[in-house]
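Quick one: this structure, given as structure tokens, is what I'll be asking you about.
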Amino acid sequence: MSKELIRFENIVKEYDGQLILKSINLAVEENAFVTLLGPSGSGKTTLLRILGGFVEADEGSVYFDSQDITNKAPYLREINTVFQKYALFPHMNVFDNVAFGLTIKKESKANIVTKVKEMLRLVGLSGFEEREISTLSGGQQQRIAIARALINEPKVLLLDEPLGALDLRLRKEMQLELKKIQKEVGITFLYVTHDQEEALTMSDEIVVLNNGDIQQIGSPIDIYNEPQNRFVAEFIGDSNIVEAIMLEDFKVSIDGKVFECIDFGFNTDEAVEVVIRPEDFEIVDLDKGMIQGVVTSVIFKGVHNEINVKTAERDYIIHTIKSFPIDKEVGLTIDKEDIHVMSKYGGY
């Protein structure tokens, strides 16, 4: 059973009369990769900085390994941070940048050399000790910043949008690299991003925030497949969101047609919203579809085609590897497992 390492209790933060965090309660387990995900202004970076001790909460408490650290100085917390701007020392080479924390602690030269070499191996930059910072690419600088943060052996590494300055190819490479590093060092990573793909790719758990509130907490699969409200459904990936009526457990009416689903616990005839991901539709012959419509647009997206099908009630966006001619009449089918019912007024 995993051990709780971090707990935020009733955290409130206000800036210039605007409430940034609204009584946040959140627990983070030891050795997990947890992502705070949300749009700009959602409060995710503020929460991270409160944990690091760089920002003081107006109300609430922060616990670390069962100890109240709310008023503890940043340098006394077993936490290190990697920011989007890496803040590497340009007048120092790679070795001295990585060794900086150990040098301040006055560790022995032999111990510093051993640990620096190990950190550079971990981030895939063995042999870079004498390189100047100015000669490194953005991805290499980011790895050096991570090595410098990890060499002090913190229990938690905070990462505030560290991939934001990288191009798309490097971002994708570093997403996998960060997850690999986290598993190898075996410590808790608390990661901030507004990029949904980053969150889904790397995280053990995702915390979705909006306007200072937690909207949903769950695994990437849960967040994607079972969004708890419209904001999460729209923010995480593409969605078809349809107003519907939950007739009874496992039966939902969409546009007057009854569909089986796997959801239960709603009131009889409750107004709900249904989320259907574009890839969960199957386009079939007209007479075999539960829904009938006509193809109005086809856009090639590389790995799939984005197809718009117009029915009598609405337009549906569908992702499929197949292409269909414009104006073709088609049927649509949906497996019951792919119909995700959520409360119309739901929130976390």
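Of the peptides 289-296, 25-32, how do they stack up when ordered by the mean number of other Cβ atoms within 10 Å, highest first?
289-296, 25-32
While we're on this one: Just to be sure I understand: with springs between alpha-carbon atoms less than 10 Å apart, which residue in Gly218, Gly43, Gly302 has the highest mean-square fluctuation in the Gaussian network model of the chain?
Gly302
Normalised by the number of residues in the chain, what is the relative contact order in percent for Cα pairs under 8 Å and 6+ residues apart?
15 percent
While we're looking at this one, here's another question. On alpha-carbon atoms, Rg over Rh for the range 238-343 using Kirkwood Rh?
0.99
Assign unit charges at the C-beta atoms only (+1 for Lys and Arg, -1 for Asp and Glu), then state the dipole size of the chain relative to its Cα centre in Debye, rounded to the nearest 20.
Rounded to the nearest 20 debye, it is 1800 debye.
Distance in nm between label sites at Phe300 and Glu129, each 7 Å beyond Cα in the beta-carbon direction?
Taking the simple label geometry, Phe300 and Glu129 are separated by 5.2 nm.
When you count, for each residue, the other Cβ atoms within 10 Å and take the mean per peptide, how do 224-233, 238-247 rank with the highest first?
Result, highest mean Cβ count within 10 Å first: 224-233, 238-247.
Let me have the 222 nm mean residue ellipticity of the chain computed from DSSP H runs of 4+ only, each contributing -39500 (n - 2.57), with the sum over all residues rounded to the nearest 500. Walk me through the numbers on the way to the answer.
On the way: 8 runs with 84 residues, N = 348.
After summing the helix terms and dividing by residue count, I get -7000 deg cm²/dmol.
Please give the length that would be gained between Lys72 and Asp16 if that part of the chain were fully extended, namely 0.36 nm times their separation in residues minus their C-alpha to C-alpha distance (nm, one decimal). Walk me through the numbers on the way to the answer.
Values: separation 56, 0.36 × 56 = 20.16 nm, distance 2.45 nm.
Taking Lys72 through Asp16 to full extension adds about 17.7 nm, to one decimal.
Calculate how many DSSP beta bridges within the chain are antiparallel, expressed in % of all such bridges and rounded to the nearest 5.
75 percent
Under the Karplus relation 6.51 cos²θ - 1.76 cosθ + 1.60, θ = phi - 60°, what is the ordered set of whole-Hz ³J(HN,Hα) values for the range 294-309, x standing for Gly and Pro?
So the J values, rounded to whole Hz, are 10, 6, 10, 7, 9, 10, 6, 10, x, 7, 7, 9, 9, 10, 9, 10.
Of Asn80, Gly127, Met246, which is farthest on the positive side of the dipole of the chain, counting Cα position, with +1 on Lys and Arg Cβ, -1 on Asp and Glu Cβ, and the Cα centre as origin?
Positive-end residue among those listed: Gly127.
Let me check I have the definition right: for the chain, take the eigenvalues of the Cα gyration tensor, multiply each by 5, take square roots. What are those semi-axes in whole Å, largest first?
45, 25, 15
No lab work stands behind these numbers, since they all come straight from the coordinates. Given the structure is predicted, the values throughout are model-derived calculations rather than measurements. Positions of Cβ are generated from backbone atoms using ideal geometry, with glycine treated the same way; all protein chains shown enter the neighbour counts.
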